[in-house]
Amino acid sequence: MFSPSQEERCTPTKEPVKYGELVVLGYNGSLPSGDRGRRKSRFALFRRTKANGVKPSTVHVLSSPQASKAVNCRGQHSISYTLSRNQTVVVEYCHDKDTDMFQIGRSTESPIDFVVTDTVSGSQGSEETPITQSTISRFACRVVCERSPPYTARIYAAGFDSSKNIFLGEKAAKWKNPDGHMDGLTTNGVLVMHPRGGFTEDSRPGVWREISVCGDVYTLRETRSAQTRGKLVDSESNVLQDGSLVDLCGATLLWRTADGLFHTPTQKHLEALRQEINAARPQCPVGLNTLAFPSLQRSRTLPTLEDKQPWVYLACGHVHGYHDWGHRSERESNAQRECPMCRAVGPYVPLWLGCEPAFYVDAGSPTHAFVPCGHVCSEKSVKYWAEIPLPHGTHAFHAACPFCATQLEPSQSYAKLIFQGPID
C-alpha cells in the first residue's frame, strides 16, 4: 500500500496515501466564518478506499434528444456534446480501477468533493461578503489521481453532475479532434499555470493555459468566455506539479503535492517564528511600548486590533505601534502618514502574520510585508508571489497577496520590515 519513502514517513500511524492538497488563494488559514464540511480554504486529496475514477469507453452519435436521454439514463458517467438540434455525440465513461476522481465546483450537490465560492479581494472580516452573481461553474473541474506511485494528478475542465453527466450545449466551444474524439471548453474556462522550477524560491512564473474537458492544453481564448478555442499546446500537459495554480474564474487554487507539503513550514514552525519575533521585544519608537504579533489562532478570529499590534509605514518599512502622529490626509486617516523616523510619506497599516503554511516557498523568518495589505511572511515568499500574475475578472492579470487576494502595488509590491529593539 505504501512506497518505502512513505512507509518511513507514515510510521507508526500508517496514514492513508495523500495525493496532495488544493488551497484557495485569498484566505489566511481558514475561511472568514470558519471551515465547515466540504466548504473550506484547503482540501486534502487522499487515496480512496475504493477507486471511483472513470475513463472513456463507448461513443454514440445520436440524431434525437430522446436517444440522447436514453443513453444518459443508463446510470453510467457520460459527456454529451450537442452539435445541433439533430446531432449529439455522447461519450460514455466506464469505471477505472486505477484512478481516483475528485470534483470541485460551486454546487453543494453530493458529486462535489470541494465546494468553492468566489474569493472577495481583501475580505478579512468575520462575515463573508455575499456574491450577487458567481462566475464559478457549479461543476467546475475534476482532478484525477493515479492510485499507484508516483500518484500523478491530472486536471480536467468540467465535473459530472448528480446524474453523472457533463453537458456541453450548442453554444459551448467544442470540436472533433483529428483522431476523432470530441472535446470542448466550459463557459468561463479552467486556467492552469505551472511554475517553472517547481514551488521554490528559485522558480519563475509559467504561462497561463486553458484546460479542456478531456484534459488537453490550449492557449488562452481572446476573452474568458469566447466561443473560439486557443491553439493546442502539444508540448504541455494537464499533470499538476507542486505549485501549479488552477483558476476557476472567481477563485484561484494552489496545488501542493504531498512531497511539497512535507518540505513546507508547519503551523508549529510559524508559531515558533512568531514567538521569536515577540521574544525580541520590538518597541514602538514613538510610544516606546512593546509590540507583539497575536497568536496565529487569535489573528484569524480577532474582531478588533489589539493594543500591542504592530503597524508599519509601507513607504519605508519602519514598524510602530498605533499612534496619531503624522497625518497627511483628513479624509483617509491612514492613507497618507509621515513616518517619524525617516519622514517618508505613505500608507500606515496593521501587520498580520501569514498563517497559511502552503503559501510559503521556504521556512525563512517573516521579515517582509505585502503592499498595501500588510500581510507578513518570508522574503523569498513575498518575492515569489510578487512575480505571479493571477487572473482577475474575465481578461486582466495582476499580482496579489496570497493571504487576502488584495492586488499588490505595481510600483512597490512588498516592504522590508525595520523593527526597533528595546532600549533597556
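The values are calculated or read from the model by the stated rules, or taken from the named source; none is laboratory data. Predicted, not measured: the structure shown is a model, and the values here were computed from it. Cβ sites come from the backbone with ideal geometry, for glycine too, and all protein chains shown count toward neighbours. Only protein heavy atoms, including side chains, enter the accessible area calculation; ligands, DNA and RNA are left aside. Shrake-Rupley method; radii C 1.70, N 1.55, O 1.52, S 1.80 Å.
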Report the Rg/Rh value for segment 18-263, based on alpha-carbon coordinates and the Kirkwood definition of Rh.
0.96
Give the accessible area for Cys404 in Å² (nearest 10); use a 1.4 Å probe, count only protein heavy atoms, and leave out ligands, DNA and RNA.
0
With +1 on each Lys and Arg Cβ and -1 on each Asp and Glu Cβ, how big is the dipole of segment 18-263 about its Cα centre, in debye rounded to the nearest 20?
600
Relative to the present Cα-Cα distance, how much length would full extension add between Gln412 and Thr219 at 0.36 nm per residue of separation?
66.5 nm
Round to the nearest 0.05 the FRET efficiency obtained for Ser365 and Arg343 when R0 = 35 Å and r is the Cβ-Cβ distance.
0.80
Please give the FRET efficiency for Thr108 paired with Phe46, using the beta carbon to beta carbon distance and R0 = 22 Å, rounded to the nearest 0.05.
0.55
Taking N as the number of residues in segment 267-416, the ratio of its alpha carbon radius of gyration to 2.2 N^0.38 Å works out to 1.04
Cβ-Cβ FRET estimate between Glu387 and Arg85, R0 fixed at 45 Å, reported to 0.05
0.40
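Is the shape of segment 199-272 rounded, prolate or oblate, going by the alpha carbon gyration tensor and its root eigenvalues a ≥ b ≥ c, with a/c under 1.5 for rounded and a/b larger than b/c for prolate?
Numbers: a/c = 2.86, a/b = 2.24, b/c = 1.28.
Here segment 199-272 falls in the prolate category.
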Estimated distance in nm for a label pair at Leu288 and Lys55, the labels positioned 7 Å out from Cα along Cα-to-Cβ
7.5
Farthest toward positive dipole pole in segment 267-416 [+1 Lys/Arg, -1 Asp/Glu at C-beta], among Pro350, Asn278, Gly321:
Asn278
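Give me the accessible area per residue for the chain, probe 1.4 Å, as a whole number in Å². Don't skip to the answer; put the middle values down first.
Details: 20010 Å² over 424 residues.
Averaged over the residues of the chain, the accessible area is 47 Å².
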Highest GNM mean-square fluctuation among Gly260, Gly122, Gly37, for the chain with Cα springs under 10 Å, belongs to Gly37
Using only alpha-carbon positions, what ratio does the radius of gyration of the chain give when scaled by 2.2 N^0.38 Å?
1.10
Under a point-charge model restricted to the Cβ atoms of Lys and Arg (+1) and Asp and Glu (-1), what is the dipole moment magnitude of the chain relative to its Cα centre, in debye to the nearest 20?
980
Listed residues Gly243, Ser63, Cys141: farthest to the positive end of the dipole of segment 18-263 (Cβ charges)
Ser63
Counting only protein heavy atoms, what percent of the accessible surface of segment 267-416 is carbon or sulfur at a 1.4 Å probe?
50
